[in-house]
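Visitor: I'd like to ask you about the structure that follows.
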Amino acid sequence: MITVTLSKSSFTKMGSGSKVGNSSLDYSFKILLIGDSGVGKSSLLLSFISNSVQDLSPTIGVDFKIKLLTISGKRLKLTIWDTAGQERFGTVISSYYRGAHGVILVYDVTRRETFKNLEDLWAKEVELYSTNPECIKVLVGNKVDKDSERVVTKEEGMALAQKHRCLFVECSAKTRENVQQCFDDLSLKMLEVPSLREKGSVLVKKQKQKHAYEMMHRGGGCCLE
């Protein structure tokens, strides 16, 4: 199942007089949320998109939502893919790594197996299927509101992030602690990488489409990417 939600609350991020069409955007980035089922990926996404949290049923297959925001004066469209996190969907999910500019790897600080699986399974999938060698990765320890139940320390998370060259943040989808920071840090980092800026540039994409259109009408038979 694939659903699409365009966050109305995100429009205010763009400024009251701005348009929401592609003509008003500078960059369009694809972001993946990955990790075991039940670690709170969907809750993190909902918290970021709508500034609210509610009890959610497990994601089946793939869901994605869109958020518009302005970072460092640049107008961004983030298409955020939320994966089920269940092994039986692995062969389906692999195709969604294609073209991703950023990947958020989520574990539950109260469940050590979800932390272990990031290294044993999910980090390896990123290496195997990612088509952008410079894609930005963020390691996220979720559910820090349950500190009394914590079994994975912050230091362990930082060490794993350093090993895999990821950004690192601990957050709580329930209280919204550091949720905005997670996506802001990722967006800022993607904007710092020239290859990701080029691949995500709306202007560059329009130029390629225009060139392909002109070639087709000249009989060149060029295909759009």
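The values are calculated or read from the model by the stated rules, or taken from the named source; none is laboratory data. Source: prediction; values computed, not measured. Ideal geometry is used to build each Cβ from the backbone, glycine not excepted, and the neighbour counts take in all protein chains shown.
Visitor: Looking only at region 1-31, filter to residues that are within 30 Å of Arg112 (Cα to Cα) and modelled with pLDDT of 95 or more; which one of those is surrounded by the fewest Cβ atoms within 10 Å (Cβ to Cβ)?
Guide: Lys30
Visitor: Go through (1) more than 18 Å from the chain's Cα centre (by Cα); (2) surrounded by 20 or more Cβ atoms within 10 Å (Cβ to Cβ); (3) farther than 18 Å from Leu186 by Cβ one by one and return the number of the condition Asp108 breaks.
Guide: If we test Asp108 against (1) more than 18 Å from the chain's Cα centre (by Cα); (2) surrounded by 20 or more Cβ atoms within 10 Å (Cβ to Cβ); (3) farther than 18 Å from Leu186 by Cβ, just (1) comes out false.
Visitor: Being among the charged types (D, E, K, R), surrounded by 13 or more Cβ atoms within 10 Å (Cβ to Cβ) and more than 15 Å from Arg111 (Cβ to Cβ) is the filter here, so list the residues in region 132-173 that pass it.
Guide: Lys137, Lys154
Visitor: State all residues of region 27-46 that are assigned to a strand (DSSP E or B) and more than 13 Å from the chain's Cα centre (by Cα); if no residue qualifies, say none.
Guide: Tyr27, the sole residue that qualifies.
Visitor: Do we have any residue at all in region 113-129 that's surrounded by fewer than 21 Cβ atoms within 10 Å (Cβ to Cβ), touching a residue at least 12 places away in the same chain (Cβ under 8 Å) and either of a type in the set (Lys, Arg) or not in a helix (DSSP H, G or I) (or both)?
Guide: Looking through region 113-129, none of the residues is surrounded by fewer than 21 Cβ atoms within 10 Å (Cβ to Cβ), touching a residue at least 12 places away in the same chain (Cβ under 8 Å) and either of a type in the set (Lys, Arg) or not in a helix (DSSP H, G or I) (or both).
Visitor: Criterion first (among the β-branched types (Val, Ile, Thr), under 15 Å from the mean Cα position of the chain (by Cα) and in a helix (DSSP H, G or I)) does Val140 satisfy it?
Guide: So Val140 fails the test.
Visitor: If you take the residues in region 46-83 that are of a type in the set (A, V, I, L, M, F, W, C), more than 21 Å from Lys174 (Cβ to Cβ) and modelled with pLDDT under 90, which one is surrounded by the fewest Cβ atoms within 10 Å (Cβ to Cβ)?
Guide: Restricting to residues being of a type in the set (A, V, I, L, M, F, W, C), more than 21 Å from Lys174 (Cβ to Cβ) and modelled with pLDDT under 90, the top hit is Ile60.
Visitor: Scan region 143-173 residue by residue and report those that are in contact with a strand residue (DSSP E or B) (Cβ under 8 Å, 6 or more places away or on another chain), assigned to a loop (DSSP other than H, G, I, E, B) and charged (D, E, K, R).
Guide: Residues satisfying the conditions are Lys143, Arg165.
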